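The values are calculated or read from the model by the stated rules, or taken from the named source; none is laboratory data. The shown structure was predicted, so the numbers you read here are calculated from the model rather than taken from an experiment. Cβ: placed from backbone, ideal geometry, glycine included. Neighbour counts: every protein chain shown.
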Amino acid sequence: MKIEIKNCEIMQWKDGGAEFLRGSIAIGEGSIRSIGEIPKSFSPDRVIDAGGALALPGLVNAHTHVSMSLLRNLADDLELMKWLQDKVWPIEEKMSEEDVHIGALISMVEMIHSGITAFADMYFSMDQVAAAAAEAGLRANIGVGLTGDGETSKPKLQSFREFYDRYNGKADGRIIVDLAPHAPYTCDGDCLSAAAGVARDLGCGLHIHLAETSGEVDECKKRYGLSPIFLAERAGLFEGRAIAAHCVHVDEADIELLADKGVHVIHNPTSNLKLASGFAPTAAMIEAGVSLAIGTDGPASNNNQNMLEEIHLAAILAKAVSGDPTAMPAAQALQIATEGGSKALGLAEAAGSLSEGAPADLLLLRTDKAHMRPLHDPVAAVVYGAGPSDIDTLICDGKVIMTGGIIETLDEEEIIKKAQEAASRLVSR
Ligand SMILES: [Zn+2]
């Protein structure tokens, strides 16, 4: 389908900042065909009048566990290990494939409203998350969760190879399969090395939680004599595309290694704040040349999937933690959440930008509400003021996912009803 979006303010990256161009966007065969003036020969099947809205690249949620939405608001105000062991894991043991599916769908409804076109997930029963992403029309890095030791991980890695062959590249290429060893405290060194070997064989990405709490770092040093970052490197996890969620407790040597190896560090500000995990030194990481992206983490530890809130927090936390109000300016925060996320997920070269030839993954954000005015600097308005209710339209892979705040690919009302029923069943079992 060919789409023309007319009457919008198109944001483009320019020399580390953002510039706006007023005009139209022509979309065809999943990519942006032209920007600004549309050639007369372009005959669209559908025309969307943006009414002066901002056109931005789709946001990338680079670390989440979408199906954990069923555990939302169930166990709050707890410390990470207590939260996992006493609350999360017992419920997860009871979750059926259908629960994982509906949990994923309700998160996708929320992600669509917050402008997300692509996300990187890590969980179990990932065929269900892949199916939900295909239905929603979003891009998804399906991180197949792995825990255990060298021995117990063997059959799991064998079935991962089969899963990879079956799902990688599905849904017109929107599904990318990654291997997701959970963390150094749930996978031993042999399990991590075996995972790295399989990823090397298949050429797939790896997704892991690293250095989330100071307790994890102490334990890892006691057990292996290495920080989680150095342990992951020694296991071979950084040889290909690697997504490392959190990296809160990292020292200078860790940061240097992350930069050297081109590891994509995913900053999850709400989760780190809520679980009191600490403050990731993002300004120092940017300074050292680390490739950063932003994620919401799962809905059980956030409790939402609102990327605009994460971008806002990332931008203000970078300043507070570094003591430098010029750290992570608004445009940089937005670029990290779009281009940075696209790189972490291994999307096409120009993904995360509105440029000719880039994938047509974009959103329209209205600026007519009180909290967006006056609009002196549209990027500041987005980063420091915008919310999901400002997002009007979402397009992914050249297909319309939402217009006028109404989702076209999913039945929002039905999904909310079914997710509530599934969650109630889970806690009463
Ligand atoms: Zn996580």
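Here's the yes/no breakdown for (1) within 15 Å of the chain's Cα centre (by Cα); (2) on the phi > 0 side of the Ramachandran plot; (3) touching a residue at least 12 places away in the same chain (Cβ under 8 Å):
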residue	(1), (2), (3)
242	yes, no, yes
248	no, no, yes
266	yes, no, yes
273	no, no, yes
276	no, yes, yes
It is to be established whether one or more residues within segment 290-303 are in contact (Cβ under 8 Å) with a residue 40 or more places away in the chain, closer than 23 Å to residue 324 by Cα, assigned to a helix (DSSP H, G or I) and not polar (S, T, N, Q). no
With the first residue restricted to segment 146-168 and required to be over 15 Å from residue 178 (Cβ atoms), and the second required to be among the polar types (S, T, N, Q), Cβ contacts under 6 Å at 6 or more apart or on different chains are 147/186
Is there any pair linking a residue in segment 194-221 that is at positive phi to one that is within 16 Å of the ligand (Cβ to nearest atom) and part of a helix (DSSP H, G or I), with Cβ under 6 Å and at least six apart or on different chains, and which? 211/228
When the residues of segment 278-295 are filtered to those that are within 14 Å of the ligand (Cβ to nearest atom) and under 21 Å from residue 80 (Cα atoms), which remaining residue is farthest from the chain's Cα centre (by Cα)? 280
Residue set 259, 194, 199, 245; condition touching a Gly at 6+ places or on another chain (Cβ under 9 Å), of a type in the set (A, V, I, L, M) and within 16 Å of the ligand (Cβ to nearest atom); output residue 245
Candidate set: segment 303-348, residues that are among the polar types (S, T, N, Q) and buried (at least 24 other Cβ atoms within 10 Å of the Cβ); chosen: the one nearest to the ligand (Cβ to nearest atom): 305
Candidates 311, 255 - the one that is assigned to a helix (DSSP H, G or I), at pLDDT 95 or above and touching a Leu at 6+ places or on another chain (Cβ under 7 Å): 311
Please go through segment 1-22 and pick out each residue that is over 18 Å from residue 394 (Cα atoms), in contact (Cβ under 8 Å) with a residue 12 or more places away in the chain and assigned to a strand (DSSP E or B). 13, 17, 18, 20, 21, 22
Subset of segment 249-272, residues of a type in the set (A, V, I, L, M) and buried (at least 24 other Cβ atoms within 10 Å of the Cβ), comes to 250, 258, 263, 265, 266
How about segment 83-103: which of its residues are more than 15 Å from the ligand (Cβ to nearest atom) and either in contact with a Pro (Cβ under 7 Å, 6 or more places away or on another chain) or within 25 Å of residue 243 (Cα to Cα) (or both)? 85, 100, 101
Select from segment 84-112 the residues that are over 22 Å from the mean Cα position of the chain (by Cα) and farther than 18 Å from residue 418 by Cα and list them in ascending order. 85, 86, 87, 89, 90, 93
Can you say whether residue 174 is over 21 Å from the mean Cα position of the chain (by Cα) and either on the phi > 0 side of the Ramachandran plot or of a type outside the set (A, V, I, L, M) (or both), as far as the supplied structure shows? no
If you go through segment 4-44, how many residues are more than 26 Å from the chain's Cα centre (by Cα) and of a type in the set (A, V, I, L, M)? 4
Is it the case that segment 396-408 has a residue that's buried (at least 23 other Cβ atoms within 10 Å of the Cβ), acidic (Asp, Glu) and in contact with a Lys or Arg (Cβ under 7 Å, 6 or more places away or on another chain)? no
Selection status of residue 67, of a type outside the set (Asp, Glu) and closer than 26 Å to residue 120 by Cβ: yes
Going by the structure shown, is residue 150 more than 16 Å from the ligand (Cβ to nearest atom) and at positive phi? no
